[in-house]
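Read-outs throughout are calculated quantities, based only on the coordinates presented, and are distinct from any laboratory measurement. Remember, predicted model here, so these are calculated numbers, not experimental data. Note: ideal-geometry Cβ built from the backbone for every residue, glycine included; neighbour counts use all protein chains shown.
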Amino acid sequence: MMRAWILPMLLVLCGSVVATALIVRGRAGEAAAVLPKFVLLAGVNSPLVFPRSIGALEAQRRSAVDGRPVVFWRSGCKYCLRLRIRLGASAGRLHWVDIWRDPDGAAVVRAANDGNETVPTVVVAGRPHVNPDPAWVREQLSPLA
């Protein structure tokens with residue numbers, strides 16, 4: 001779990017250091033502009049941007065029942081973030097598994113990607129799709145409406 005927060009914490013720390021240096025140099029206005037940018041960047045790269053993650057086994061069970069795709073992701077992944085943002089409100093209709101929080105999820109991704117933890121990996125009807133187009137993922141939700 002801690003691994004998912006390393007990048008956001010580093011961004012806040014770096015932003016704080018930069019802002020402090022600017023304040024020491026008498027440029028408080030610039031510091032007030034820089035720090036929120038680092039905090040925003042940290043927020044976007046944090047697990048908070050994504051719908052609540054569940055375990056891989058639970059996600060697979062739920063997917064078998066409701067037919068919704070399972071998205072295996074990790075924080076700090078720009079492709080996962082792209083998928084999340086482009087899905088918009090429909091992202092909440094998918095089952096999300098953070099592979100850094102769930103070892104079973106990481107194992108599923110490695111099995112689907114020749115031993116690599118390549119994300120996002122979206123499993124639809126038991127078939128994995130690596131870094132699929134967000135429009136395609138949205139289409140997979142259409143029959144479920």
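State to the nearest 20 debye the size of the charge dipole of the chain about its Cα centre, where the only charges are +1 on K and R beta carbons and -1 on D and E beta carbons.
300
Going by the alpha-carbon gyration tensor, a ≥ b ≥ c the square roots of its eigenvalues, is segment 2-48 rounded (a/c under 1.5) or, if a/c is not under 1.5, prolate (a/b greater than b/c) versus oblate?
Verdict is oblate for segment 2-48.
Once the dipole of the chain is set up with Lys and Arg at +1 and Asp and Glu at -1 on Cβ about the Cα centre, which of Leu13, Gly115, Leu35 lies farthest towards its positive end?
Farthest towards the positive end: Leu35.
At a threshold of 8 angstrom on Cα-Cα distance, excluding pairs fewer than six apart, so keeping six or more, what relative contact order does the chain reach in percent?
Reported relative contact order: 23 percent.
Taking Cβ-Cβ under 4.7 Å as the only way to count a partner, pick out the unpartnered cysteines of the chain.
Here Cys14 come out as lacking a disulfide-compatible partner, given the Cβ-Cβ threshold of under 4.7 Å.
So between Val17 and Ala135, what do we pick up on full extension, going 0.36 nm a residue minus the alpha carbon distance?
Result for the pair: 38.5 nm of gain on full extension.
For the chain, what does the helix formula give at 222 nm: sum of -39500 (n - 2.57) over DSSP H segments with n ≥ 4, over the residue count, nearest 500 deg cm²/dmol?
After summing the helix terms and dividing by residue count, I get -17500 deg cm²/dmol.
Please give the per residue volume of the convex hull enclosing the alpha carbon atoms of the chain, rounded to a whole number of Å³.
103
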